[in-house]
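I have placed the structure first, in the form of structure tokens, so that the comments after it can refer back to it.
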């Protein structure tokens, strides 16, 4: 069993936030800080996900003196990081889970034309920027994908631009030609840009480097259509890598099994 003790200066740091120790905000801040600290400990100490960790040295709110499985720490830390604003890093050897939404969360990706354009852009970007694709799913108003850049120096910003920009340009041109009235759903009310297909910004980018974390997130990606109620089983959803993972059947966007951590 591994053992992790919180340093006093870390415990005391929350007392200087100006929050009442009895407030819900202070409680949530403690939980987030707790799991981030433990997650860093698990990562740096290379504790296996099957191990238990004895936590001591912090009795704030009577919470954190217990034995916790490392797998739970990984999951909880991932959830807390997902909820909070955080920086992503272009670190070699890291996988990235990318999530991008359509403008105002509208269901632009219900269109087969849009999904086909997105698949084509993703396949082109993977060649140009040399990254592997481990999992993906196109939902009606957003997409998720797990990629693994093979180069030591890379830019997730450039990769996302290569994926999203061609889709936006082609869809605006397609609507101008075939359905101009539908362009009102893309209007921003600005002089420039007049239309948006994607929500402004880079979306969500999360770094993963542990095999267990990556497997958890791949399952999360594949289960999106099931959780939404679009299908009963992930394998039934056409616009996802779940079927290829489970059956080996070639998908419109092939996955790269060779780089997947065992």
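Where a number appears in this text, it was derived from the coordinates with a stated rule and is not lab data. Computed from a predicted model, the values in this text were never measured in an experiment. So basically every Cβ, Gly included, is an ideal-geometry build from the backbone, and we count neighbours across all protein chains shown.
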Q.
Order these by the 10 Å Cβ neighbour count, fewest first: 236, 97, 258, 141.
A. 258, 236, 141, 97
(Q) If packing is taken as the average count of other Cβ atoms within 10 Å, what order do 121-131, 183-193 fall into, highest mean first? (A) 121-131, 183-193
Q) residue 128 to residue 107: extension gain in nm, 0.36 nm per residue of separation minus the Cα-Cα distance? A) 4.7 nm
(Q) Can you tell me the length gained on complete extension of the stretch residue 188 to residue 211, counting 0.36 nm per residue apart and subtracting the Cα distance? (A) 4.2 nm
(Q) Between residue 227 and residue 200, what's the calculated FRET efficiency when r is the beta-carbon distance and R0 is 25 Å? Round to 0.05. (A) 0.45
Q: Determine the relative contact order of the stretch 146-256: mean sequence separation of Cα pairs under 8 Å and six or more apart, normalised by residue count, in whole percent.
A: 13
